[in-house]
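A short worksheet on the structure shown next.
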Ligand SMILES: Cc1ncc(COP(=O)(O)O)c(C=O)c1O
């Protein structure tokens with residue numbers, strides 16, 4: 001297993017000063033080698049049922065038996081993936097449109113639910129326009145291809161930005177520069193050395209540990225500059241979670257700017273699937289006319305778009321979901337802190353931490369599994385450490401679930417220290 005990427009991405013060793021070298025995409029064949037990959041047989045927002053692997057059945061007497069676990073993994077933050085109205089909206093659209101439009105939107109693949117969802121997303125985020133893409137990964141690519149078509153040559157990335165942002169900048173053939181993690185001052189220094197417009201790229205809420213980008217400082221870098229810089233916030237983990245009724249990180253931080261671009265997935269906060277670029281009408285026009293990520297792909301199924309629209313409506317009419325999520329975040333933070341685990345103080349549903357060595361953490365993960373609790377041990381790129389626990393919460397977790405985690409973790413740590 002390679003554990004070196006997260007702390008020291010190969011392309012980022014020299015990030016104290018900016019680099020013009022395109023970063024190397026992380027080698028996921030190495031990183032994902034021992035990530036948990038047992039297929040889930042069925043799931044709710046809080047529990048998954050898995051069948052024990054039969055591969056090693058000679059030594060595993062329980063092979064083939066199924067077990068239900070309380071899970072603190074994944075990203076279905078508002079627990080909308082199983083909401084009966086969301087499921088019903090998908091089912092109704094399946095009857096009307098079938099499973100897929102089987103064509104790109106520029107040809108015959110544009111369905112009414114796609115257009116309705118785009119209008120609703122622009123309205124919800126108070127933005128001029130929104131464009132649906134198959135997923136969050138292609139949304140980042142479409143946004144950067146559109147910017148490149150408008151003449152933006154330079155991309156300036158946080159060193160721990162999501163890999164899809166690196167890939168998008170690389171595929172859009174921009175010159176890539178990196179600034180130190182969360183360091184807006186460093187970003188400003190690099191911008192000052194460029195004689196051309198650039199786009200700053202960052203996760204709004206960092207995927208791996210729930211940290212918030214210094215978006216208020218970054219957006220200020222767009223003003224008082226001779227060049228027309230842009231800021232792209234990848235809000236995959238803030239959209240539907242932060243801000244009024246889940247309007248996202250920009251709303252939470254009260255920032256807006258004509259050159260602010262938001263991308264997100266509809267998979268995490270809304271529990272559906274698909275990606276979206278939210279931006280000025282000019283940028284969206286540019287994406288529609290020039291981006292191969294948009295022109296040469298088939299959209300998310302109309303059923304998913306219909307489900308996404310319903311999920312968006314539920315977000316706005318059910319503030320208690322956000323209240324429950326926030327209460328879960330506060331409760332969990334208090335529990336972790338009481339166990340001596342340092343946490344961030346953001347209103348984000350992701351906590352990342354290490355507990356001893358990699359071997360210690362593997363033992364703790366197994367002890368939790370023995371108590372039927374999944375707390376994923378991650379080797380995901382650009383995390384806070386090579387190996388770390390990533391605990392995520394959703395609105396269907398109850399106080400009782402979190403207390404169960406507390407008891408199991410306390411128990412696992414006691415064995416560790418015995
Ligand atoms: C920050 C971030 N950006 C982009 C993506 C890609 O989104 P999608 O899975 O919809 O392609 C993800 C996660 O998968 C993510 O965490």
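Observations on the structure shown:
- The calculated FRET efficiency for the pair residue 360 and residue 407, based on their C-beta separation and a Förster distance of 30 Å, comes to about 0.95.
- The order of the peptides 87-93, 333-339, 231-237 by mean Cβ neighbours within 10 Å, most packed first, is 231-237, 87-93, 333-339.
- Cα pair distances exceeding 31 angstrom across the chain, given as percent: 40 percent
- In the stretch 281-418, the ratio of gyration radius to Kirkwood radius, Rg to Rh, stands at 1.11 when only Cα atoms are counted.
- Helix 136-149 vs. the chain, principal-axis angle (Cα, 0 to 90°, nearest 10): 20 degrees
- The angle between the Cα long axis of helix 302-317 and the longest principal axis of the Cα atoms of the chain comes to about 80 degrees, rounded to the nearest 10.
- Peptides ranked, highest mean first, by Cβ atoms within 10 Å: ranges 220-229, 167-176: 167-176, 220-229
- Residues of the stretch 150-193 with amide N under 11 Å of a point placed 7 Å along Cα→Cβ from residue 292: 171-173
- Overall form of the stretch 37-184 per C-alpha gyration tensor (a/c, 1.5; a/b vs b/c): oblate
- The chain: relative contact order as a whole-number percent, Cα under 8 Å and 6+ apart: 24 percent
- Ranked 414, 148, 358, criterion: other C-beta atoms within 10 Å, fewest first: 414, 358, 148
- Taking the stretch 83-317 and dividing mean pair separation by its residue count, relative contact order in percent (alpha carbons under 8 Å, at least six apart): 31 percent
- Inter-label distance, nm, simple model (7 Å from Cα along the C-beta direction), residue 196/residue 281: 2.9 nm
- Counted over the chain, the DSSP beta bridges are approximately 55% antiparallel.
- Contour excess over end-to-end distance, with Cα ends at residue 171 and residue 418 and 0.36 nm allotted per residue: 83.8 nm
- Distance between the stretch 219-284 and the stretch 361-397 - C-alpha centres, whole angstrom: 28 Å
- Neighbour counts of other Cβ atoms within 10 Å put 294, 69 in the fewest-to-most order 69, 294.
- Alpha-carbon spread of the stretch 83-317, three principal axes, descending order, Å: 56, 35, 28
- Anisotropy class of the stretch 193-336 from Cα gyration tensor, a/c 1.5 cut: oblate
- Estimated [θ] at 222 nm from DSSP helical runs (n ≥ 4, -39500 (n - 2.57)) normalised by residues in the chain, nearest 500: -11500 deg cm²/dmol
- Within the stretch 83-317, DSSP assigns beta bridges of which about 35% are antiparallel (rounded to the nearest 5).
- Mean Cβ neighbour count within 10 Å, used as a protection proxy, ranking 245-255, 42-52, 203-213 highest first: 203-213, 245-255, 42-52
- Sorting 295, 364 by the number of Cβ atoms found within 10 Å of their own Cβ, with the fewest placed first, yields 295, 364.
Since every read-out is calculated from the coordinates, none of them should be taken as a lab result. The structure displayed is predicted, hence computed values, not measured ones. All Cβ positions, even for glycine, are placed from backbone atoms using ideal geometry, and neighbour counts span all protein chains on display.
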